[in-house]
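Structure, as structure tokens:
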Amino acid sequence: MDKAALRRWAKEVWRGLDRDRLAQEVLRALLPWLEARGFRHILLYHPLPHELDLLPLRERFPARYYLPKVAGRTLSVHPFGPLERGPFGLLEPATPAVNPGVLDLVLVPGLAFDLEGFRLGHGKGFYDRFLPTLKALRLGIAPKALLLPRLPRDPWDTPVDYLATEEGVFPVKSPGLPSPDPLH
């Protein structure tokens, strides 16, 4: 399947998921992993309607939190604070930008991920241009139902380092990562 067909498939799978329940399960799996590593500066994301809402993490894990904002063709990093509508009608931070070098963890949303950490996004390339500029650890967020053995990739695609699902947090290419069943 090409990326366009996979995007249609992934959006259909997302429609059938209980995103609130899955977000709570991912948060529960994520907390011990975060506590063991002591991250201090975390980039969250403001969820699109089909994404898992992990914003409650701010009340459950002590750290400084940031949100991305569309800045030209890439993303800028802003301390969590008041929100305003961005160029695509999405809520974005109204706080001044900071140097992304402050981040030690970036939570990366996606329509789907593969077991090597590659992401299927919406095709605009914002995260593809942003992620290679960071030294921070990259954590992909997706339900197990949206993990695939391998996604098609382009030369500019950048994998994440870990994947978080409702079943836990796993390094990519890990033998312990549960085998996804795209038809499940």
* Per-residue [θ]222 nm for the chain (sum of -39500 (n - 2.57) over DSSP H runs n ≥ 4, rounded to 500) -> -6500 deg cm²/dmol
* Evaluate the relative contact order of the chain (contact order divided by residue number), counting alpha-carbon pairs under 8 angstrom at least 6 apart; express in whole percent. => 21 percent
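List, in the order given, every pair from LYS69/LYS173; LYS124/LYS173; LYS11/LYS135; LYS11/LYS144; LYS3/LYS173 whose Cα-Cα distance in the structure shown is over 24 Å. Walk me through the intermediate numbers first.
On the way: LYS69/LYS173 30 Å; LYS124/LYS173 26 Å; LYS11/LYS135 30 Å; LYS11/LYS144 14 Å; LYS3/LYS173 21 Å.
As for pairs spanning more than 24 Å Cα to Cα, those are LYS69/LYS173; LYS124/LYS173; LYS11/LYS135.
Which loop-located chymotrypsin sites (Phe, Trp or Tyr not before Pro) does region 1-58 contain, where loop means any DSSP state but H, G, I, E or B and the Cβ has at most 12 other Cβ atoms within 10 Å?
On the way: sites: TRP9, TRP14, TRP33, PHE39, TYR45; in loops: PHE39, TYR45.
Sites meeting the loop and neighbour criteria: none at all.
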* Asked: Taking K and R as +1 and D and E as -1, what net charge do the other residues with C-beta under 14 Å from the C-beta of GLY101 add up to?
  -> +2
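Between ARG64 and ARG150, what FRET efficiency follows from the Cβ-Cβ distance if R0 is 45 Å, with the result rounded to 0.05? It would help to have the intermediate numbers written out before the result.
On the way: r = 35 Å, r/R0 = 0.79.
It comes out at approximately 0.80.
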* Multiply the residue gap between ARG19 and HIS50 by 0.36 nm, knock off their C-alpha separation, and tell me the result in nm, one decimal place. => 10.4 nm
* Would you pull out the residues with amide H under 5 Å of VAL98's amide H, same chain only if 5 or more places away, H placed 1.01 Å from N? => VAL77, HIS78
* Asked: Which net charge results for the neighbourhood of LEU83, defined as the other residues with beta-carbon distances under 11 angstrom from its beta-carbon, given Lys and Arg at +1 and Asp and Glu at -1?
  -> 0
* Simple label model, 7 Å out from Cα along Cβ direction - LYS173 to GLU12, nm -> 3.2 nm
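Go through region 1-57 and name the trypsin sites (Lys or Arg not before Pro) that are in a DSSP coil and have 14 or fewer other Cβ atoms within 10 Å of their Cβ.
Details: sites: LYS3, ARG7, ARG8, LYS11, ARG15, ARG19, ARG21, ARG28, ARG37, ARG40; in loops: ARG40.
Of the trypsin sites (Lys or Arg not before Pro), the ones in loops of region 1-57 whose Cβ has at most 14 other Cβ atoms within 10 Å are ARG40.
Between ALA71 and LYS124, what is 0.36 nm times their sequence separation minus the Cα-Cα distance? Round to one decimal in nm. Before the final figure, lay out the partial values.
Values: separation 53, 0.36 × 53 = 19.08 nm, distance 1.27 nm.
Residue separation times 0.36 nm, minus the Cα-Cα distance, leaves 17.8 nm.
Every read-out reported here was derived from the displayed coordinates using simple, explicitly stated rules and does not represent laboratory data. Please read these numbers as outputs of a predicted model, since none were measured by experiment. Here the Cβ is made from the backbone with ideal geometry for all residues, glycine too, and neighbour counts use every protein chain on show.
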